[in-house]
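Asker: The structure follows.
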Amino acid sequence: MIYLVGLGNPETKYEKTYHNIGWIFLDHLHKKYNFDQFQHNRLYQFSQGKIENTSITMIKPNTYVNLSGQAVQFLQKYKNISLKNIKVIHDDIEVPKFTIKTKMEGGSAGHNGIRSISSAVGSEYTRIRI
């Protein structure tokens, strides 16, 4: 099982902002691959489905970008997930427009959401930077 965590903010005023690219990307995959409806709990929204025979759970933290570590920590401990199965999708101003880059582990490069997650669970997860 792969857990795709899209960073974003829950209020509609952030819906189409660059900082919400993680949620926007998940919404695109959700529609394209016909995932289950998003369900809600206190810290995040989640949906399950498959992409090319790989089981995926999409996660949208409800904690705002800068506090994403709270949701990822709860998810990781509650489900006993290896950090290697968590892929965090986030905005990165250093990545050219319409480009996707991946990075294993490392620092936050000034991104408060990544800093929050790394502080909460460590840095051994994949970042998908858009």
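Asker: What percent does the relative contact order of segment 1-101 come to when contacts are Cα pairs within less than 8 Å and at least six residues apart?
Answerer: The normalised contact order for segment 1-101 reaches 37 percent.
Asker: Counting helices only, and only those DSSP H runs with n ≥ 4, report the 222 nm mean residue ellipticity of the chain as the sum of -39,500 (n - 2.57) divided by its residues, in deg cm²/dmol to the nearest 500.
Answerer: Computed mean residue ellipticity for the chain: -8000 deg cm²/dmol.
Asker: Another question, if that's okay. Sorted by accessible area (1.4 Å probe), largest first, how do H19, H30, H90 line up?
Answerer: Ranked list, largest accessible area first: H19, H30, H90.
Asker: Let me ask you something else. Just to confirm, what accessible area per residue do you get for the chain at 1.4 Å probe, in whole Å²?
Answerer: 57 Å²
Asker: Continuing with the same structure: I need the per residue convex hull volume for segment 42-84, using only the alpha carbons, in cubic angstrom as a whole number.
Answerer: Looking at segment 42-84, the number lands at 85 Å³ per residue.
Asker: Excluding same-chain residues fewer than 8 positions from K97, which lysines have a Cα within less than 16 Å of its Cα?
Answerer: K16
Asker: Sticking with this structure for a sec: Once a ≥ b ≥ c are taken as the square roots of the eigenvalues of the Cα gyration tensor of the chain, is the result rounded (a/c under 1.5), prolate (a/b larger than b/c) or oblate (a/b not larger than b/c)?
Answerer: Because its axes are fairly even, with a/c under 1.5, the chain counts as rounded.
Asker: Using modelled amide H (1.01 Å from N, peptide plane; none on Pro or chain starts), what sits under 5 Å from the amide H of Q45, excluding residues fewer than 5 places away?
Answerer: Here the answer is K60, N62, since their amide H atoms fall under 5 Å of that of Q45.
Asker: Of all chymotrypsin sites (Phe, Trp or Tyr not before Pro) in segment 59-124, which ones are in loop regions per DSSP and have a Cβ with at most 16 other Cβ atoms within 10 Å?
Answerer: Passing sites in segment 59-124 are F98.
Asker: Another one. Report the trypsin sites (Lys or Arg not before Pro) located in segment 4-98 that are in a DSSP loop and have at most 11 other Cβ atoms inside 10 Å of their Cβ, or state none.
Answerer: Those satisfying the criteria are K16, R42, K97.
Asker: Rounded to whole Hz and in sequence order, give me ³J(HN,Hα) for segment 124-129 from the Karplus expression 6.51 cos²θ - 1.76 cosθ + 1.60, θ = phi - 60°, writing x for Gly and Pro.
Answerer: Using θ = phi - 60°, the values come out as 8, 10, 8, 10, 10, 9 Hz.
Asker: So, one more: Report L83's accessible area, 1.4 Å probe, all protein chains in place, as a number in Å² to the nearest 10.
Answerer: 20 Å²
Asker: Take N53 and K16, extend 7 Å from each Cα along the Cα→Cβ direction, and tell me the distance between the two endpoints in nm.
Answerer: The answer from the label model is 4.0 nm.
The values are calculated or read from the model by the stated rules, or taken from the named source; none is laboratory data. Since we're looking at a predicted model, the values are computed, not measured. As a convention, Cβ positions derive from the backbone with ideal geometry for all residues, glycine included, and neighbour counts pool all protein chains shown. Note: accessible area is taken over every heavy atom of the protein model, side chains too, but ligands, DNA and RNA are not part of it. Shrake-Rupley method; radii C 1.70, N 1.55, O 1.52, S 1.80 Å.
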